[in-house]
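First up is the structure itself, then whatever we jot down about it.
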Amino acid sequence: MRTSEKKEHILVVDDSLDTLELLQRNLESKGYQVFTAPGAIEAIKILESTPMDLVITDLKMPKVNGLSLVRHIQENFKDTEVMMITGYPSIEGAVEAVKTGAEEYLAKPFTDEELFSAVKRVLDKLHMRRAAHMRPHKPPPARYGLIGESEAMHKVLNAIEKAASSSATILITGESGTGKELVARAIHYNSPRASAPFVPINCGGIPEALLESELFGYVKGAFTGATETRAGFFQTAEGGTIFLDEISETSLSMQVKLLRVLQDKEVYMVGIRHPQKADVRIIAATNKDLLSLIKKGDFREDLFYRLNVITIDIPPLREREEDILLLVKNFTTKFAIEFSKPPPRFSESALQVLKSYYWPGNVRELENIVQRLVIMIEGNIIDVPDFPSLMRFSALKGIRPNRTLAAVEAEYIISVLASVDDNKTRAAEILGIDRKTLREKLKKMKNPRFS
């Protein structure tokens, strides 16, 4: 469960004293500060005097029922989440609870693990919403031009600081789209070589037949078409840094030439036998496992160890969940300014999808998605239907894996029904099924377990 200096406040409302005692004991064992109330009226009095992060309420209670309490909380306590529990589950009750504002709906009896998981999901949404609403239009602070406050990014930023102060060769590893060139630029522009050129080269984007002449230059008459002497990228980067991206895409013969540059600090222009001194720092990058390539004979081991003096591994975005909202804010503000539009706001459901999505394209994919949304959105709120279909369906990935397929399906159907005000025709369209199939599924869900 969440551990923090500030304990989350949870109010449990139930007319059963045994249930109150049980839930209070279980939740306090997880570090929450728990308050109890035997009914809605008592709960409202507590809410008026003590801020609550979460209210867990029974559905059926005397005098004022749980739905009325949920509605009151939604109208008067915007920074409080609600979770509904009931011993009388039904589709209608679940849909009504979700429509009214309950984030979760648990049917009794439920296990301790089901309770703890549901509470964690609700509180995660609350913290996410609070984070999203803080300084909504102010770009987050950046260090070395990189956005991130996660532990993983702090390691990268600290590595940049140490690497920048040295003159050692650097190997940057990480998946495509993680920002390897940004890290390389940060190292260069915070190093003593900052006033000299930074020359980025995509080794995989230059044909093998041209790569040598592009890197090292050539003299007039060196080959057919060489009508003049031309400097290569190494000469262009003199005194500065050359960034060899996708180093794994170079051939073995080219790797021998690069190894010679690293060993002797000299380059040979094509068509000339005399070397030229090269005062250039080399930063290489790859999205592949070079050790695996070495075993296959596709990458030279001696070059690997020459490059691997300092290694900086950039984590994929899915391992930097804390940074996703910061990046979303930054890109939203950036593109809103670029396209002269007011910065749109993301709904809580949209934020949840952003955090649960796998992000195979990493930060580059996130930036492209936000750019598309800022351009295409017509209103000022971005919601789940505005996302590409692949991202919309990824919303289910955050559901814990120990639930049955029927339970996951039931929860999703209820969520869709609530989002369209119980319009079954529209819900069937969103679900990609016909009304008859939806009716059959609803019949099977008469006594669902939604957790």
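The values are calculated or read from the model by the stated rules, or taken from the named source; none is laboratory data. Bear in mind the structure is a predicted one, so any value in this text is a computation, not a measurement. A quick note on method: Cβ atoms are made from the backbone with ideal geometry, for glycine too, and the neighbour counts reach across all protein chains shown.
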Item checked: One residue from Thr169, Thr173 being surrounded by fewer than 18 Cβ atoms within 10 Å (Cβ to Cβ) and either farther than 25 Å from Glu367 by Cβ or in the same structural domain as Ile282 (by TED's automatic domain parsing) (or both) -> Thr169
Next item on the list: Return a yes/no flag: does segment 130-141 have any residue that is farther than 20 Å from Val309 by Cβ, modelled with pLDDT under 90 and surrounded by 16 or more Cβ atoms within 10 Å (Cβ to Cβ).
Entry: yes
Check: Tell me, which residue of segment 261-299 that is among the small types (Gly, Ala, Ser) and touching a helix residue (DSSP H, G or I) at 6+ places or on another chain (Cβ under 6 Å) is farthest from Ile312 (Cα to Cα)?
Finding: Ala278
Notebook entry, point to check: In segment 304-326, which residue that is β-branched (Val, Ile, Thr) and not in a helix (DSSP H, G or I) is surrounded by the fewest Cβ atoms within 10 Å (Cβ to Cβ)?
Noted result: Thr311
Checklist line | Residue selected from segment 282-303 under the condition assigned to a helix (DSSP H, G or I) and touching a residue at least 40 places away in the same chain (Cβ under 8 Å), by the criterion farthest from the chain's Cα centre (by Cα) | finding: Asp302
Check: Can you tell me which residue in segment 263-281 is nearest to the chain's Cα centre (by Cα), limited to those that are assigned to a loop (DSSP other than H, G, I, E, B) and among the β-branched types (Val, Ile, Thr)?
Finding: Val280
Checklist line | Criterion violated by Asn158 - all others in (1) over 25 Å from Arg318 (Cβ atoms); (2) surrounded by fewer than 20 Cβ atoms within 10 Å (Cβ to Cβ) satisfied | finding: (1)
Next item on the list: Test Tyr144 against the criterion of being in contact with a Ser or Thr (Cβ under 9 Å, 6 or more places away or on another chain) and over 13 Å from Val280 (Cβ atoms), and give yes or no.
Entry: no
Checklist line | Failed criterion for Ser251 (all others in (1) under 31 Å from the mean Cα position of the chain (by Cα); (2) surrounded by 13 or more Cβ atoms within 10 Å (Cβ to Cβ) hold) | finding: (1)
Next item on the list: Determine which member of the set Tyr305, Tyr268 is modelled with pLDDT under 90 and either outside the structural domain of Leu171 (by TED's automatic domain parsing) or not hydrophobic (A, V, I, L, M, F, W, C) (or both).
Entry: Tyr268
Margin query: Residues that are closer than 26 Å to Val199 by Cα and of a type in the set (Val, Ile, Thr): does segment 316-338 have at least one?
Written below: no
Next item on the list: Output yes when any residue across segment 109-124 is closer than 19 Å to Ser347 by Cβ, touching a helix residue (DSSP H, G or I) at 6+ places or on another chain (Cβ under 8 Å) and either surrounded by fewer than 18 Cβ atoms within 10 Å (Cβ to Cβ) or modelled with pLDDT of 75 or more (or both), and no when none is.
Entry: yes
Checklist line | Neighbours by Cβ (under 7 Å, 6+ apart or cross-chain): first from segment 362-380, hydrophobic (A, V, I, L, M, F, W, C); second at pLDDT 95 or above | finding: none
Notebook entry, point to check: Do we have any residue at all in segment 234-244 that's surrounded by fewer than 20 Cβ atoms within 10 Å (Cβ to Cβ), touching a residue at least 24 places away in the same chain (Cβ under 8 Å), part of a helix (DSSP H, G or I) and under 41 Å from the mean Cα position of the chain (by Cα)?
Noted result: yes
Check: small (Gly, Ala, Ser), in a helix (DSSP H, G or I) and farther than 14 Å from Ile310 by Cβ: does that describe Ala152?
Finding: yes
Next item on the list: Those residues that are of a type in the set (Lys, Arg) and at pLDDT below 85, I need them from segment 45-79; list them, please.
Entry: Lys60, Lys63, Arg71, Lys78
Next item on the list: Please specify each residue of segment 80-108 satisfying the condition of being part of a strand (DSSP E or B) and modelled with pLDDT under 80.
Entry: Thr86, Glu104, Tyr105, Leu106, Ala107
Checklist line | Single residue of segment 327-372 satisfying the filter (touching a Lys or Arg at 6+ places or on another chain (Cβ under 7 Å) and in a loop (DSSP other than H, G, I, E, B)) that is modelled with the lowest pLDDT | finding: Tyr358
Check: Going by the structure shown, is Asp264 more than 21 Å from Pro200 (Cβ to Cβ) and of a type in the set (D, E, K, R)?
Finding: yes
Check: Under the condition of being in a helix (DSSP H, G or I) and surrounded by 16 or more Cβ atoms within 10 Å (Cβ to Cβ), which residue from segment 47-70 is nearest to the chain's Cα centre (by Cα)?
Finding: Val70
Notebook entry, point to check: Can you name the condition, by its number, that Arg260 falls short on among (1) under 38 Å from the mean Cα position of the chain (by Cα); (2) among the charged types (D, E, K, R); (3) under 23 Å from Thr311 (Cβ atoms)?
Noted result: (1)
